[in-house]
Amino acid sequence: MKILITGSSGMLGGDLVDVLSLGHEVVTSGSLDIRDLDGVMEFLRETRPDVVVHAAAFTDVDCAETERDTAYQVNVLGTRNIAAAASEVGSSILYISTDYVFDGEKGEGYLEFDEPNPINFYGKTKYLGEVSVRELSERFYIVRTSWLFGTNGRNFVRTMIELAEMGHEISVVDDQYGSPTYTRDLAEAIGKLVERPAYGVYHITNSGQCSWYEFASDIFHELGMEVQLKPVKSHEFPRPARRPSFSVLRNYNWSMEGFKPLRSYRDALKDYLKETGAGSE
């Protein structure tokens with residue numbers, strides 16, 4: 001199968017290339033500007049992939065509040081362009097979305113068919129991307145995931161370790177809950193999904209849930225680091241973009257299709273730390 005991956009230089013994209021290349025012909029979008037409809041159409045007509053895995057996105061949640069036009073152009077119009085081109089050449093499309101399409105008010109894990117209600121601009125653009133995929137493609141997978149960490153980019157784990165090595169007290173919010181997800185595990189799950197025409201919406205995360213404070217504690221526990229870690233409330237640590245307080249995603253459709261749950265985020269964290277050699281010096 002021929003698979004086109006957009007955003008291949010990103011944290012998830014790098015793992016998608018590594019994983020999907022093992023059993024498929026992989027093409028990357030390179031320097032393609034997904035905001036350019038004509039360029040996207042021409043590129044897909046030339047490459048004619050069987051599946052497009054659309055991982056390219058504007059992912060800076062806080063910057064999206066001030067750089068709204070750019071976030072909209074990339075996450076909404078760019079996704080529309082990819083979906084329209086994929087539909088024209090007969091490709092199925094897998095779109096990477098986010099837990100931030102939800103408002104966090106449910107108080108328990110979100111199911112795939114719960115009503116989205118994003119509370120920040122990034123979440124709104126990602127949801128509108130979902131709408132474009134639904135409207136323009138007959139064969140689509142929408143994969144919502146959360147709290148990504150991986151070896152190919154900056155992430156919460158790396159930031160925590162860097163702050164700890166500076167020797168300062170670290171304040172981390174303890175009233176936002178989610179499911180940390182290792183990009184390698186997510187890429188392998190996507191590899192299984194695209195091999196079947198089981199189209200639809202999926203929540204795919206590592207198993208387990210925690211607050212950001214608990215996740216930081218897990219990181220330092222695994223590394224055996226003594227760190228001054230202080231729990232704080234979200235209102236004490238203001239950010240430009242509001243975050244949902246509880247955005248855990250239940251992997252319901254994934255399990256209903258017979259796929260095995262992804263391993264716990266703690267086990268995934270151990271592998272990530274080993275692979276990166278974090279705290280080994």
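Filtering segment 153-178 down to residues that are assigned to a loop (DSSP other than H, G, I, E, B) and either within 15 Å of residue 219 (Cβ to Cβ) or among the hydrophobic types (A, V, I, L, M, F, W, C) (or both), which residue is farthest from the chain's Cα centre (by Cα)? Step by step, filter segment 153-178, then rank; the result is 166. Every residue in segment 183-201 that is in contact with an Asp or Glu (Cβ under 7 Å, 6 or more places away or on another chain) and assigned to a strand (DSSP E or B), please. Of everything in segment 183-201, just one residue is in contact with an Asp or Glu (Cβ under 7 Å, 6 or more places away or on another chain) and assigned to a strand (DSSP E or B), namely 201. Sort out which residues of segment 107-152 are assigned to a loop (DSSP other than H, G, I, E, B), of a type in the set (A, V, I, L, M) and closer than 30 Å to residue 18 by Cα, and write them in order of number. Residue satisfying the conditions is 111 alone. For the criterion of being modelled with pLDDT under 95 and surrounded by 18 or more Cβ atoms within 10 Å (Cβ to Cβ), residue 278 passes. A single member of 185, 175 is within 17 Å of residue 103 (Cα to Cα) and at pLDDT 95 or above, and it is 175.
Condition check for residue 152 on (1) at pLDDT 95 or above; (2) touching a helix residue (DSSP H, G or I) at 6+ places or on another chain (Cβ under 6 Å); (3) under 27 Å from residue 24 (Cβ atoms); (4) surrounded by fewer than 20 Cβ atoms within 10 Å (Cβ to Cβ): one failure, at (1).
Scanning segment 71-92 for residues that are farther than 12 Å from residue 135 by Cβ and more than 18 Å from the chain's Cα centre (by Cα) yields 73, 77, 81, 85, 86, 88, 89, 90, 91, 92. Annotation note: of 187, 216, the sole residue that is over 30 Å from residue 134 (Cα atoms) and buried (at least 20 other Cβ atoms within 10 Å of the Cβ) is 216.
Residue 61: on the phi < 0 side of the Ramachandran plot, out of contact with any helix residue (DSSP H, G or I) (no Cβ under 8 Å at 6 or more places or on another chain), surrounded by fewer than 23 Cβ atoms within 10 Å (Cβ to Cβ) and of a type in the set (A, V, I, L, M, F, W, C), yes or no? Against the criterion (on the phi < 0 side of the Ramachandran plot, out of contact with any helix residue (DSSP H, G or I) (no Cβ under 8 Å at 6 or more places or on another chain), surrounded by fewer than 23 Cβ atoms within 10 Å (Cβ to Cβ) and of a type in the set (A, V, I, L, M, F, W, C)), residue 61 does not qualify.
Here is the figure for segment 37-86: residues that are β-branched (Val, Ile, Thr) and farther than 24 Å from residue 26 by Cβ total 4. With respect to the conditions (1) buried (at least 16 other Cβ atoms within 10 Å of the Cβ); (2) in contact with a strand residue (DSSP E or B) (Cβ under 8 Å, 6 or more places away or on another chain), residue 132 falls short on a single one, namely (2). In segment 10-19, the residue that is surrounded by the fewest Cβ atoms within 10 Å (Cβ to Cβ) out of those that are within 21 Å of residue 79 (Cα to Cα) and in contact (Cβ under 8 Å) with a residue 24 or more places away in the chain is 11. When 250, 242 are screened for being of a type in the set (D, E, K, R), surrounded by 14 or more Cβ atoms within 10 Å (Cβ to Cβ), modelled with pLDDT of 95 or more and within 30 Å of residue 3 (Cα to Cα), only 250 passes. Is there any pair linking a residue in segment 230-247 that is charged (D, E, K, R) to one that is in a loop (DSSP other than H, G, I, E, B), with Cβ under 7 Å and at least six apart or on different chains, and which? So the pair list comes out as 230/169; 233/175; 239/62; 242/119; 242/120; 243/176.
The values are calculated or read from the model by the stated rules, or taken from the named source; none is laboratory data. This one's a predicted model, so the numbers in the text were calculated from it and none came from an experiment. Reconstructed Cβ throughout: ideal geometry from the backbone, glycine too, with neighbour counts over all protein chains shown.
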